1. Identify, please: which residue in the range 185-216 is out of contact with any helix residue (DSSP H, G or I) (no Cβ under 6 Å at 6 or more places or on another chain) and in a loop (DSSP other than H, G, I, E, B) and is, among those, modelled with the lowest pLDDT?
2. Suppose the filter is under 20 Å from the mean Cα position of the chain (by Cα), outside the structural domain of T123 (by TED's automatic domain parsing), among the hydroxyl-bearing types (S, T, Y) and in a helix (DSSP H, G or I); does T174 pass it?
3. Please state which one of F142, F191 is among the aromatic types (F, W, Y) and closer than 20 Å to H220 by Cα.
4. Restricting the first residue to the range 177-196 and requiring it to be surrounded by 15 or more Cβ atoms within 10 Å (Cβ to Cβ), which pairs with a second residue that is outside any helix (DSSP H, G or I) meet a Cβ separation below 7 Å and a spacing of at least six or different chains?
5. If A14 meets every condition in (1) among the hydrophobic types (A, V, I, L, M, F, W, C); (2) at pLDDT below 95; (3) over 30 Å from L227 (Cα atoms); (4) within 22 Å of the chain's Cα centre (by Cα) apart from one, which number is that one?
6. Answer yes or no: is there a residue in the range 66-73 that is modelled with pLDDT under 95, assigned to a loop (DSSP other than H, G, I, E, B), surrounded by 14 or more Cβ atoms within 10 Å (Cβ to Cβ) and among the hydrophobic types (A, V, I, L, M, F, W, C).
7. I'd like to know if the range 45-63 contains one or more residues that are under 29 Å from S188 (Cβ atoms), outside any helix (DSSP H, G or I) and modelled with pLDDT under 95.
8. Scan the range 110-145 for residues that are outside any helix (DSSP H, G or I) and either of a type outside the set (A, V, I, L, M) or outside the structural domain of D79 (by TED's automatic domain parsing) (or both) and jot them down.
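The values are calculated or read from the model by the stated rules, or taken from the named source; none is laboratory data. The shown structure was predicted, so the numbers you read here are calculated from the model rather than taken from an experiment. Note: ideal-geometry Cβ built from the backbone for every residue, glycine included; neighbour counts use all protein chains shown.
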Amino acid sequence: MLKNRIILIAVSAALIIILYLLPKVVVRSDDQPTATSSADVTSPDPHGATPVTLQQAIGRLRAGYAASGAGEKNAIFADSLADLYWGAGKFDSAAWFANEAATFFNTMESWIKAGESYYQAYTFALDQLKQEELAEKARQYFGLILKKNPGNLEIKTKMAMTYLSSGNPMQGITMLREVLSEDPKNESALFNLGMLSIQSGQYDRAIERLLELTAINPNHIQAQLLLGVAYSKKGEKKLAREQFEKVKQLDADPAVQAAADSYLKDLK
């Protein structure tokens, strides 16, 4: 039930899905994780509920890509296809073509596009082996970016999250803590550490992280919602009820309202 309700707001908070779709990670004292444990990246193909006009555009570009051979023109087609697949929400396909373009262009911009595409594909992947493969590809590009720009904390935070499906999830926790040491008010790091604490049953620690985050940014809806979840899991029903009511007041989005109402129903 928790997973289904959180996914209601996944469009606006892709990070939140990680808590429910990644392999279980147990974080002991916020720094002692263990991971349970995987498929190939699928060949790109327009599918699902992609709008017809977008499918047609993808089809035209794929034909151009196939006919262009190797070289710059081929890479330009691949780069454009990555954009279209991203727009269609087909992140594995977007990543495949972004990788093709980045292999040719080898620029910071192309690394960012490929890394972000692999990260999004990883976030939504259900198969564990596929998660691991996509995470590894994302890390490769994030590593290139951080080598050139080690101060990019957004990329470092995302790279940290990819380690949670690896054989070394502790590396991810360590990186998140490094981000906070550089920027104690980093919202992504606080959110992810709070989320991981909920996952591992460390509700007091989760509440501490999420209270800190919501003090920094009271309009962080996902943090406000997870704070209610943490209270609920800890058995603090009164605080949980107040928190979910607060979420309803902060955001009128139907998905957020439905998620909060569902939690409130469980508290009765």
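1. Of everything passing the filter in the range 185-216, S200 is modelled with the lowest pLDDT.
2. Numbers: under 20 Å from the mean Cα position of the chain (by Cα): yes; outside the structural domain of T123 (by TED's automatic domain parsing): yes; among the hydroxyl-bearing types (S, T, Y): yes; in a helix (DSSP H, G or I): yes.
Yes: the conditions hold for T174.
3. Working: F142 fails: closer than 20 Å to H220 by Cα.
After applying the criteria, what remains is F191.
4. As it stands, the answer is V179/N186; L180/N186; E187/N217; E187/H220; L193/D30; L196/V25; L196/V27, since those pairs meet every condition given.
5. Of (1) among the hydrophobic types (A, V, I, L, M, F, W, C); (2) at pLDDT below 95; (3) over 30 Å from L227 (Cα atoms); (4) within 22 Å of the chain's Cα centre (by Cα), only one is false for A14: (3).
6. No: zero hits.
7. Yes, the range 45-63 contains at least one residue that is under 29 Å from S188 (Cβ atoms), outside any helix (DSSP H, G or I) and modelled with pLDDT under 95.
8. At the first step, the residues of the range 110-145 found to be outside any helix (DSSP H, G or I) are 125-127.
Correct list: D127 only.
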